[in-house]
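To keep things clear, I will list the structure first and then write my remarks on it.
The values are calculated or read from the model by the stated rules, or taken from the named source; none is laboratory data. These numbers come from a predicted model, not from an experiment. Because the Cβ atoms are built from the backbone with ideal geometry, glycine has one as well, and the counts that use them run over all protein chains shown.
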Amino acid sequence: MKVLVVGSGGREHAICWKLKQSPKVTELYCAPGNGGIAQVAQCVDIKATDADAMVKWAKDNAMDLVVVAPDDPLALGMVDALEAVGVPAFGPRQNAAIIEASKAFSKELMKKYGIPTAKYETFTDLAAAQDYIRAQGAPIVVKADGLALGKGVVVAQTVEEALEAVQAMMVDKKFGASGAKVVIEECMTGPEVTVLAFCDGATVVPMTSSQDHKRAYDGNQGPNTGGMGAISPSPYYTPELAQRCMEEIFLPTVRAMAAEGRPFQGVLYFGLMLTPDGPRVVEYNARFGDPECQAVLSLLDSDLLDILLACREGRLDTADIRWKTEAACCLVLASGGYPGSYGKGYPIEGLDQVENAVVFHAGTAQKDGQIVTNGGRVLGVTAVAPTLEAAIDAAYAAAKPIHFEAMTFRHDIGRV
Ligand code: AMP
Ligand code: GLY
């Protein structure tokens, strides 16, 4: 089969790496891809959000499957557009991708169907938002409604901080149009767990659990990022919790989407908080998480292509989905300054000296035969070992020879 993966990050590298192992994949393409993806797939120079060009290329080149991995093309309906011209696509349609694209939608869905989450109110009026914050007090959480690269969330410790956040979102338009509407919600506490799940519209099959590290600096300090590292499975996610999440969150969500006429086919991302009152949803995403994907797919023992096809064809209930009983750790090496501004184009040294790990490229490019930095998150060094401790140690050891100008990373992935 000829397969095209849409996207250019570490997640897409991991998806390509796993698809490449399928004997059924005869040709593998990635658009636009990056310097590392180019080593496993043929990169096609089309922007992930350029739906017209993507659809045309996929049709002209007779793709048997297009895997739409990032949030933006999903939200703008790339899956619908591909299917409209007869190209099979993996990922939710636009009317289901809204579960990530609008926090107001997802919060309303959870309220309507009794799915546990933080209490909230939605605002389009600045004065009303300010009054609500003053009435509720701190800590309190302010979220831009739309997509903001995982950065449109402020967990405010004081009322002043929360007021500044709504000002920045609603008036200063820090996140553009996505801040015109804000969701203000109760601050929850407890460990965070990510559960990615394959969905075919009716059946939901959770993958092995994982944990992201969203803050930029050690000790969960600093600004939110796209994710600085991930481990899988999460040590907090017991079989009892998994059972409870299935009954109270996963099944109800998939049923709710179907009942709303928005059947979800693709990977549904459950961002959970294990609060003293039980597991609650922090957020949904309509795709694999990044960097969770790199850790989780490293543990998948089955053929990914078969599973993606089963999702599309509504036969996930009989799909072969097995996981290694080991653990994985993905350590992100980032550009100094990220998630703020950072330099690009620095040569990356030492990649050929990495042992006992797979290095998934996120923000890299090939320039004059050399791999150079090309983004905030640059590489995800991913190791698998019999225990979580060993996987963490292996990822850090494997990263040692790698170097680029202003390289930075967290020293406590899997330990907080
Ligand atoms: P989100 O983009 O919604 O996942 O939010 C980013 C991060 O903000 C989450 O991973 C949590 O660490 C934190 N967060 C979001 N909502 C809440 C909440 N209601 N209570 C506490 N922390 C939250
Ligand atoms: N790692 C968080 C996300 O992909 O949204």
Does the range 136-148 contain any residue that is assigned to a helix (DSSP H, G or I) and more than 15 Å from ligand 1 (Cβ to nearest atom)?
-> no
Those residues of the range 1-40 which are touching a Phe, Trp or Tyr at 6+ places or on another chain (Cβ under 8 Å) and either basic (Lys, Arg) or surrounded by fewer than 24 Cβ atoms within 10 Å (Cβ to Cβ) (or both), in sequence order | 2, 11, 17, 40
Search result, residues across the range 280-302 that are buried (at least 21 other Cβ atoms within 10 Å of the Cβ) and more than 16 Å from residue 270 (Cβ to Cβ) | 291, 294, 297, 298
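Each row is one residue, and each column tells you yes or no for (1) touching a Gly at 6+ places or on another chain (Cβ under 6 Å); (2) small (Gly, Ala, Ser); (3) more than 23 Å from residue 376 (Cα to Cα); (4) touching a residue at least 40 places away in the same chain (Cβ under 8 Å).
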position	(1), (2), (3), (4)
108	no, no, yes, no
112	no, no, yes, yes
121	no, no, yes, yes
125	no, no, yes, no
129	no, yes, yes, yes
132	no, no, yes, yes
146	no, yes, no, yes
160	no, no, yes, no
176	no, yes, no, no
What single numbered condition from (1) under 18 Å from residue 297 (Cβ atoms); (2) near ligand 2 (Cβ under 10 Å from one of its atoms) fails to hold for residue 214?
-> (1)
Count - residues of the range 77-122 that are more than 18 Å from residue 308 (Cβ to Cβ) and within 16 Å of ligand 1 (Cβ to nearest atom) | 22
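Before we move on, is residue 204 at negative phi, touching a Lys or Arg at 6+ places or on another chain (Cβ under 8 Å) and aliphatic (A, V, I, L, M)?
Details: at negative phi: yes; touching a Lys or Arg at 6+ places or on another chain (Cβ under 8 Å): no; aliphatic (A, V, I, L, M): yes.
So residue 204 fails the test.
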Wholly enclosed helices (runs of 4 or more DSSP H) of the range 233-331 bearing at least 1 residues modelled with pLDDT of 95 or more and over 30 Å from residue 396 (Cβ atoms) = 239-245, 251-259, 304-312
